[in-house]
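Accompanying notes for the structure given below.
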């Protein structure tokens with residue numbers, strides 16, 4: 001593999017500092033990374049797999065190997081330390097773990113909004129014992145520690161090791177049910193804010209544990225605060241204060257490079273709020289015109305996104321992935337402050353050649369300060 | 001009530017639904033019964049009309065999900081009172097839609113809104129709930145007289161289940177129409193997986209269903 005000119009960390013920090021790095025930084029492939037587990041690459045698009053989703057997330061050895069394998073193959077700048085929501089289960093949600101899909105919370109632990117007072121703060125002991133521990137929190141902390149150790153032992157250029165917590169409003173939706181949460185914002189706003197605040201505090205404590213275990217960075221998607229679900233007014237009243245509290249806690253505990261906030265839907269009427277949450281960068285949904293977002297808030301906030309996760313990556317050819325990605329990079333990367341990613345989580349069965357193209361993009365296409373584009377040298381991958 | 005007063009009554013009911021004013025919906029429903037106004041007309045010309053306005057306001061980004069749920073709750077308050085007074089002859093079902101969130105996905109707000117709007121538009125809706133495997137859709141089509149199967153997914157990680165379901169339905173029941181919707185889904189996606197149609201939001205879903213039913 002050809003060596004990059006600067007380290008992953010330097011590249012990411014440059015983008016967050018609104019500068020132009022040597023190339024566009026690029027994030028991990030979300031849940032698609034499961035295809036690096038065992039022999040799954042040979043089973044893409046097939047019903048049967050070598051390693052199931054459940055095996056992947058519950059076995060630190062398998063999970064860590066898959067993440068390292070992905071990094072080695074595509075040389076992305078961030079590596080994922082478990083990309084789904086652990087906390088709902090830890091707070092009492094009954095979960096279903098499908099063979100090939102993200103676990104889903106099938107039963108909420110509370111019925112009324114103020115029932116949150118009956119929920120125990122989750123056990124966050126970092127005491128993983130191989131073959132015995134089944135607690136998801138302990139498994140995730142073990143994964144983060146092991147990924148960190150792998151890259152430390154190699155003494156090589158380590159990608160940003162990324163932990164995961166949901167946005168507070170989203171966690172509140174898991175606990176109460178999204179329909180009830182939506183109505184409780186109108187019926188019982190004060191109690192709803194208390195629930196959200198409890199969720200914020202839980203996520204903050206868990207975030208600290210993840211940093212202690214070796215994370216460099218935390219990803220907090222907040223899909224229930226989507227611009228397609230709640231108005232800017234409700235976002236400002238319910239989601240924003242909690243997201244801001246969460247983000248401040250992350251930067252206070254770690255540093256200003258440590259927080260990735262993701263929000264779904266059309267958020268163009270609230271970009272000013274997103275800009276001031278305090279995250280290191282914001283990733284936006286593919287429904288957003290990223291160029292417009294950058295024009296509006298890009299002078300103060302780095303932006304990531306937003307290749308359509310159900311577009312060319314899923315059904316298109318490599319050429320179509322290249323075209324779609326190139327257009328975004330050319331529109332948004334000039335003058336820095338940009339990181340390449342999709343507009344939301346990855347489908348599990350994108351064809352390998354399309355994923356390969358996605359990770360070739362930042363190395364093929366480069367923006368220079370005078371806005372003239374050249375085909376940059378292609379790093380072998 | 002003369003026609004003008006009746007129209008004013010329906011408008012008031014529609015507005016109470018838009019405002020999410022459950023007390024007013026219940027008061028108007030009771031008043032309607034007292035005044036011997038046809039219960040079915042109150043639902044269709046008042047409640048359902050209100051939900052259509054709500055749906056249009058969502059499309060314009062003037063209302064969002066909390067307000068829509070409030071309107072739905074208010075409407076249900078009225079419908080619960082009116083339902084026992086509906087004459088069987090009044091019910092003119094214009095088609096049957098089987099709806100569900102696909103396997104691996106439990107996010108059902110969008111599906112519930114579409115269901116509500118379809119019902120208020122006079123359609124028969126069979127709701128299979130969430131996390132629904134392909135076999136359940138097939139079994140329902142086998143047993144019931146279904147015109148359209150509507151599939152919902154919120155996550156990119158679950159939307160590929162739609163492909164499986166649509167494929168099986170197209171093979172086994174080519175006369176049954178399929179439509180898909182949900183945050184990660186697009187017209188392009190619908191075309192690629194062989195679905196007959198796609199709706200971007202709940203109010204569009206009603207138009208799509210009406211279009212598919214001809």
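The values are calculated or read from the model by the stated rules, or taken from the named source; none is laboratory data. Because the structure is a prediction, the values reported are computed rather than measured. Glycine also receives a Cβ, built like all others from the backbone with ideal geometry; neighbour counts cover every protein chain displayed.
Taken over the range A:227-241, the criterion of being outside any helix (DSSP H, G or I) and surrounded by fewer than 24 Cβ atoms within 10 Å (Cβ to Cβ) is satisfied by A:228, A:231.
Scanning the range A:91-109 for residues that are crowded, with 20+ Cβ neighbours inside 10 Å and more than 10 Å from chain B (Cβ to nearest Cβ) gives A:91, A:93, A:108. Please go through the range A:268-294 and give me each residue that is within 14 Å of chain B (Cβ to nearest Cβ) and touching a helix residue (DSSP H, G or I) at 6+ places or on another chain (Cβ under 8 Å), ordered by number. Those that are within 14 Å of chain B (Cβ to nearest Cβ) and touching a helix residue (DSSP H, G or I) at 6+ places or on another chain (Cβ under 8 Å): A:268, A:269, A:270, A:284, A:288. Take the conditions (1) away from chain B (no Cβ under 14 Å); (2) at positive phi; residue A:254 misses just one of them, which is (2).
All but one of (1) buried (at least 22 other Cβ atoms within 10 Å of the Cβ); (2) closer than 30 Å to residue B:143 by Cα hold for residue B:32, so report the exception by its number. Among (1) buried (at least 22 other Cβ atoms within 10 Å of the Cβ); (2) closer than 30 Å to residue B:143 by Cα, the lone unmet condition for residue B:32 is (2).
Listed here are the residues, each with its yes/no results for (1) in the same structural domain as residue B:139 (by TED's automatic domain parsing); (2) modelled with pLDDT under 90; (3) in contact with a helix residue (DSSP H, G or I) (Cβ under 8 Å, 6 or more places away or on another chain).
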{"position": "B:57", "(1), (2), (3)": "no, no, yes"}
{"position": "B:61", "(1), (2), (3)": "no, no, yes"}
{"position": "B:64", "(1), (2), (3)": "no, no, yes"}
{"position": "B:69", "(1), (2), (3)": "no, no, yes"}
{"position": "B:78", "(1), (2), (3)": "no, no, yes"}
{"position": "B:83", "(1), (2), (3)": "no, yes, yes"}
{"position": "B:106", "(1), (2), (3)": "yes, yes, no"}
{"position": "B:116", "(1), (2), (3)": "yes, yes, yes"}
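In the condition set (1) without any contact (Cβ under 8 Å) to a residue 60 or more places away in the chain; (2) assigned to a helix (DSSP H, G or I); (3) within 21 Å of the chain's Cα centre (by Cα); (4) away from chain B (no Cβ under 14 Å), residue A:212 is compliant with all but (1). Among residues belonging to the range B:132-169 that are away from chain A (no Cβ under 12 Å) and closer than 12 Å to residue B:182 by Cα, point out the one that is modelled with the lowest pLDDT. It comes out as B:152.
If the condition is being free of Cβ contacts under 8 Å to residues at least 40 places away in the same chain and loosely packed, with under 13 Cβ neighbours inside 10 Å, then the range A:32-46 contributes A:39, A:42, A:46.
What residue, among those in the range A:307-340 that are within 13 Å of chain B (Cβ to nearest Cβ) and not in a helix (DSSP H, G or I), is nearest to residue A:8 (Cα to Cα)?
Once the filter is applied, the top-ranked residue is A:307.
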